[in-house]
Amino acid sequence: MSATVIVAENGLGRYQQAVTLGVHQLIADEPASVGGDDAGPAPFDFLMAGLGACTSMTIRMYAERKAMPLTGVRVELRHNKTEVDGKLLDRIERCITLEGDLNQEQRERLLEIANRCPVHRALAQPLVVETHLLETTAST
């Protein structure tokens with residue numbers, strides 16, 4: 001279970017958001033092409049960063065447990081829309097580079113493991129998002 005993430009407007013730009021994840025502080029924004037100031041990653045960039053980081057970490061953990069000669073992992077992601085059966089769906093292309101003296105069997109196994117990273121598994125199945133409106137107190 002992950003920590004609570006808090007996102008709130010920071011008042012510094014039209015769409016800028018202060019993102020708090022425990023002790024970590026980040027900025028989210030939209031690119032200038034859609035009216036933002038490009039002061040930080042856009043929301044889908046955060047989503048892809050989470051998927052890429054989880055993929056790389058999962059591969060690294062498995063390779064270490066199995067004593068595989070993996071010397072580096074790089075995950076490149078792109079987001080776009082694609083039409084499937086007449087519906088426009090989000091599509092994330094994930095390209096993984098594995099470095100080290102790995103044989104073909106090890107490379108294929110690490111690809112299988114990449115598809116088991118927790119973020120990939122969450123995104124690849126129906127996901128439940130519950131939204132609640134909290135009441136605010138009026139300031140006097």
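Using a simple charge model, +1 on the beta-carbon of Lys and Arg, -1 on the beta-carbon of Asp and Glu, nothing else, what dipole does the chain show about its Cα centre, in debye to the nearest 20?
Here the size comes out at about 500 debye.
Hey, can you rank 16-22, 79-85, 101-107 by average C-beta count inside 10 Å, highest first?
Most protected by this proxy first, the peptides run 16-22, 101-107, 79-85.
I'd like to know which of ILE27, LEU102, VAL75 lies farthest towards the positive end of the charge dipole of the chain, counting +1 on Cβ of Lys and Arg and -1 on Cβ of Asp and Glu.
LEU102
In a shell of Cβ-Cβ distance under 15 Å around LEU98, excluding LEU98 itself, what net charge do Lys and Arg (+1) and Asp and Glu (-1) give?
Result for the local shell: -1.
Please calculate how many Å² of accessible area the chain carries per residue, with a 1.4 Å probe and no DNA, RNA or ligand atoms counted.
Ligands and nucleic acids excluded, the result is 75 Å² per residue.
For Kirkwood radius over Cα pairs in Å, pick the label among [x] 16.0; [y] 17.5; [z] 18.0 that corresponds to the value derived from the coordinates.
Computing Kirkwood radius over Cα pairs in Å and matching it to [x] 16.0; [y] 17.5; [z] 18.0 gives [z].
Between the range 21-37 and the range 98-121, what is the separation of their alpha carbon centroids in Å?
For the range 21-37 versus the range 98-121, the Cα centre distance is 31 Å.
Counting Lys and Arg as +1 and Asp and Glu as -1, what is the net charge of the other residues whose Cβ lies under 15 Å from the Cβ of ALA67?
The answer is +1.
Could you work out what % of the accessible surface of the range 96-140 is carbon and sulfur, using a 1.4 angstrom probe and leaving DNA, RNA and ligands out of the count?
Within the range 96-140, the accessible surface is 50 percent carbon and sulfur.
Could you list, by residue number, the cysteines of the chain that have no other cysteine's beta carbon within less than 4.7 Å of their beta carbon?
CYS95
Once phi is turned into ³J(HN,Hα) by the Karplus curve 6.51 cos²θ - 1.76 cosθ + 1.60 with θ = phi - 60°, what whole-Hz value does each residue of the range 68-82 show in order, with x for glycine and proline?
7, x, 7, 9, x, 10, 9, 10, 10, 10, 9, 10, 8, 10, 9
In deg cm²/dmol, rounded to 500, what helix-only [θ] at 222 nm does the chain give when every DSSP H run of at least 4 residues adds -39500 (n - 2.57) and the total is split over its residues?
One gets -9000 deg cm²/dmol as the mean residue ellipticity at 222 nm.
The values are calculated or read from the model by the stated rules, or taken from the named source; none is laboratory data. Computed from a predicted model, the values in this text were never measured in an experiment. No Cβ is skipped: glycine too gets one built from the backbone with ideal geometry, and neighbour counts run over all protein chains shown. Keep in mind that these areas ignore ligands, DNA and RNA; they rest on the heavy atoms of the full protein, side chains included. Shrake-Rupley method; radii C 1.70, N 1.55, O 1.52, S 1.80 Å.
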